[in-house]
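Encoded as structure tokens, the structure appears first; notes follow it.
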Amino acid sequence: PDIDSYKLMDNILILHHGKMVYYGPSWPDSISFFNPGCSEAETNRPECALLGVNSGTAEGWAAKYVQSKLCSTFVDGRAASLKTAPVAEPRPSGPERKQRFDMAQFKTLCLRTIAIKLKDTTNTLILLFQAPVIATLIALLFNKSKLFTPLPLFLMVISAIWLGTSNAIREIVAEKAIYFRERMVFLRIPEYVLSKFAVLALLCAAQCAMLVYGLKYIDVQGHWLSLFMVGFLVSLVGLGLGLLTSALSPTQMTALSLLPLIVLPMVILGGGMVPLPQMPEPVRAMSNVMPSRWGYEAMLHLEGAKRPFEAPAVMLPEQAAGRQAAAQSKPSTPSSWAEQQFGEHTHSLALSVFVLLVTLIALLCGTVVALKSRDKIQI
């Protein structure tokens, strides 16, 4: 407030990180207490009180106030004149009540995130319309193919991961100041993370629906609802990656710089460019931790359930050369679209989905742990 309004206040209570560091007259004592020897000009600037508070620790100011005359007058003196309240009977100790999920806070945070997205119309529309642009490009590229190739399914998996990650990569770090301020008061981390996840999952669902709709113009026979569910799950894994990266990043620029480093390895090691049997053993082990690898295999299983396997399929020149060399060294004939890309490392559809679910849960738990490590508040 301005100095005239500040002078109208009788007493003022100042808290610093939850500790009382001052209680007494607002002017000029509150300013001079935190700025010893301040000039008359500084005394007429109410903000100097808070600037002075920020120059020291909460413990230091609290200790100084306890030893001051202000504390003996306005705290100790008044407390001595009050009647002592009856002491309540101590309750028998019992098992500590477990903390429950705060649904009211979760709902409030969800509504706030939705309001932010609706207000930031330009950025939300850009995120939303990435999906139809990508789907259109894939449809234009593959709609006249005479032979089926699983490459559009791989591109859909990569697109789903990209969309999910880009939706969330700035979500937490962009409101870091608000997060820390609310965290000091009442904010619970699980509710905060899940509110972000729930709202952005709706955006991912709309994007994946557009991607799957684009596949109707390509010779893809997998059931559209199953393809959507797998694509949506892969997009949620990307969303978890984005939230974890956002929680760990110090700035928005750092988070955006990490986006290519997250997505490009999934493109290279996902099994769509080079089949797993053609990868060196160390690279193959790295591929097994890529969500794109499991999402792509799930897509191939869904396609194989509706389309009989045809060999040879259209493939990249590098794939053809690699498979020819493999056939010369160890003859093998794939019996499904999944085996064509993953060979003896093919797993079931159920296992692929299970790995994606476990990855998603691990990423969300990692986001909560990353945020908890930044403070010492236990709420």
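The values are calculated or read from the model by the stated rules, or taken from the named source; none is laboratory data. Worth saying up front: this structure is predicted, and the values here are computed from it rather than measured. Here the Cβ positions follow ideal geometry from the backbone for every residue, glycine too, while neighbour counts run over all protein chains shown. Note: areas computed on protein heavy atoms with side chains; ligands, DNA, RNA excluded. Shrake-Rupley method; radii C 1.70, N 1.55, O 1.52, S 1.80 Å.
Annotations for the structure displayed:
- Neighbourhood net charge (10 Å Cβ-Cβ; Lys/Arg +1, Asp/Glu -1) for residue 242: +1
- Fully extended contour minus Cα-Cα distance, from residue 40 to residue 116, at 0.36 nm per residue: 23.0 nm
- Centre separation in Å (Cα based) which lies between region 194-221 and region 225-248: 10
- Pairs exceeding 22 Å between alpha-carbon atoms, taken from 64/176; 117/216; 64/372; 119/196; 216/306: 64/176; 117/216; 64/372.
- The slack between residue 209 and residue 141, meaning 0.36 nm per residue of separation minus the straight C-alpha distance, is 22.5 nm.
- Taking a point 7 Å out from the Cα of residue 182 in the direction of its Cβ, the residues of region 105-136 whose backbone N falls within less than 13 Å of it are 105-117.
- Computed from Cα positions, the angle between helix 121-142 and the longest principal axis of the chain comes to roughly 10 degrees.
- Residue order for 7, 306, 196 - accessible surface, 1.4 angstrom probe, largest first: 306, 7, 196
- Within region 144-210, the chymotrypsin sites (Phe, Trp or Tyr not before Pro) that combine a DSSP coil assignment with at most 16 other C-beta atoms in a 10 angstrom radius are 186.
- Residue 286-residue 357 FRET efficiency (beta carbon distance; Förster radius 25 Å; 0.05 resolution): 0.75
- Eligible aspartates and glutamates near residue 19 by straight Cα distance, threshold 20 Å, same-chain separation 8 or greater: 29, 47, 59, 76, 182, 375
- Overall form of region 89-228 per C-alpha gyration tensor (a/c, 1.5; a/b vs b/c): prolate
- Computed over protein heavy atoms with a 1.4 Å probe, the accessible surface of the chain works out to 55 Å² per residue.
- Extension gain, residue 20-residue 217: 0.36 nm per intervening residue step, less the Cα-Cα distance, totals 64.3 nm.
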